[in-house]
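Right, one structure below, let's go through it.
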Amino acid sequence: MSHNSNSTGHDHSGREVDSHNSRRAFFKNFGLLGAVAAAGGAAIYSGYKYEESKPGHDFVRVLTADNRIVEVPRDQIKDVRVDVDKLQKQGREGLKGHRFVMVIDLAKCRNARKCISACQGAHHLRPYEYHINTLVMQESEHTAPYFMPKPCQHCDNPPCVAVCPVDATFKRQDGIVLIDNERCIGCRFCIAACPYSARLFHWEEPLMAEADKGKPYNIELNVPQRKGTITKCLFSSDRLREGKLPYCVSACPNGVYYFGDENQDAVTNGTTKETFRLSELLRVNAGYQLMAELGTKPRVYYLPPKNRLFEFKEEKDPVQEPT
């Protein structure tokens, strides 16, 4: 049975149509549509690039909540109203169900001071203002010296809280001791009461006073800072609310810091991101608290400087010839 190569069909009205001609017409139309689509896409892209390159396209630099500087178009900036009362309330209540704790491994500290610079940057402190400092320690003339980072100990029995006359410094349910600089009157009773010298008084205008002017006060970040008030380590409460490790813990390159939750019996190393059982870490390494005999019940534990990873190298000031 022979087949006619010039096959025909019927359209909707019953008329015969040439299928080859129909296919040719279809592809011709399809090519036209494709060309139109391509031209349209090119026009859209060109228009976008033109808008982007227009001299009037205004970008501004803004500081994000995680301390990054980014550029955004000015016409896309929206004002965000911060609920100051909410910040105050959640700052005083803390994070329910948690009991935060820090562990510092003295065998790993080599005084890199990345923890210090990260803390100073977050809290808008000058180079000589500290929430955490690194001390040079030596038990006796026969023992080797070592470095000891010393933040606020966030005591469970804090003498600083007991002496504050205006409830500016307080202990939260999650173990953190904070300061409310909008209540602080600068009496410095808390500085006198603290046996760890963990508090700093603002004798001068804060470093970023002008840049922070008009910003709502965040009690968990203690920013904006204020002249005539107290500031100190906050265990990076603002970071904990976001589920992140404290600034100092994350910045350390040598694995010195662990941070976690006593209720969960777990702490995470800020450098390796490994998680350990708190009780086991303290038991195996003979962890201890600083001046525990005072009854302050610190929430910072130290692991002794045994089997140190780094040799102690003290930077001495050059000897100056007498003039």
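The values are calculated or read from the model by the stated rules, or taken from the named source; none is laboratory data. Worth saying up front: this structure is predicted, and the values here are computed from it rather than measured. A quick note on method: Cβ atoms are made from the backbone with ideal geometry, for glycine too, and the neighbour counts reach across all protein chains shown. Calculation scope for accessible area: heavy atoms of the full protein, side chains included, ligands and nucleic acids excluded. Shrake-Rupley method; radii C 1.70, N 1.55, O 1.52, S 1.80 Å.
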| What is the residue count in segment 279-290 for residues that are in a helix (DSSP H, G or I) and either of a type in the set (Asp, Glu) or surrounded by 14 or more Cβ atoms within 10 Å (Cβ to Cβ) (or both)? | 3
| Test: residue in segment 271-278 that is over 23 Å from residue 129 (Cα atoms), without any contact (Cβ under 8 Å) to a residue 40 or more places away in the chain, charged (D, E, K, R) and in a loop (DSSP other than H, G, I, E, B) | yes
| said: Checking residue 109 against (1) assigned to a loop (DSSP other than H, G, I, E, B); (2) surrounded by fewer than 22 Cβ atoms within 10 Å (Cβ to Cβ); (3) not small (Gly, Ala, Ser), only one condition comes out false. Which one? | reply: (2)
| task | With respect to residue 271, determine if the residue is among the β-branched types (Val, Ile, Thr), open to solvent by 80 Å² or more (accessible area, probe 1.4 Å) and on the phi < 0 side of the Ramachandran plot. | result | no
| query | Looking at segment 232-266, which of its residues are in contact with a Leu (Cβ under 9 Å, 6 or more places away or on another chain), aliphatic (A, V, I, L, M) and assigned to a helix (DSSP H, G or I)? | reply | 240
| message | For a quick check of your reading of the model, give me the residue pairs whose first member lies in segment 123-135 and is assigned to a loop (DSSP other than H, G, I, E, B), whose second is open to solvent by 40 Å² or more (accessible area, probe 1.4 Å), with beta-carbon atoms closer than 9 Å and at least 6 apart or on different chains. | response | 124/207; 124/208; 124/211; 125/207; 126/204; 126/207; 127/117; 129/207
| note | By residue number, the members of segment 136-151 that are among the charged types (D, E, K, R) and free of Cβ contacts under 8 Å to residues at least 40 places away in the same chain are 139, 141
| Residue satisfying all of: in segment 224-235; touching a Lys or Arg at 6+ places or on another chain (Cβ under 8 Å) and not aliphatic (A, V, I, L, M); surrounded by the fewest Cβ atoms within 10 Å (Cβ to Cβ) among these | 224
| request: Those residues that are under 15 Å from residue 235 (Cβ atoms) and β-branched (Val, Ile, Thr), I need them from segment 92-116; list them, please. | output: 101, 103, 104
| query | Would you say residue 109 is over 22 Å from residue 271 (Cα atoms) and modelled with pLDDT of 95 or more? | reply | no
| said: I'm checking my understanding of the structure. Among residues of segment 86-106 that are open to solvent by 50 Å² or more (accessible area, probe 1.4 Å) and outside any loop (DSSP other than H, G, I, E, B), which one is modelled with the lowest pLDDT? | reply: 86
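Residues checked against (1) within 21 Å of residue 177 (Cα to Cα); (2) of a type in the set (A, V, I, L, M); (3) open to solvent by less than 80 Å² (accessible area, probe 1.4 Å); (4) at pLDDT 95 or above:
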| site | (1), (2), (3), (4) |
| --- | --- |
| 240 | yes, yes, yes, yes |
| 247 | yes, no, yes, yes |
| 254 | no, no, yes, yes |
| 277 | no, no, no, yes |
| 316 | no, no, no, no |
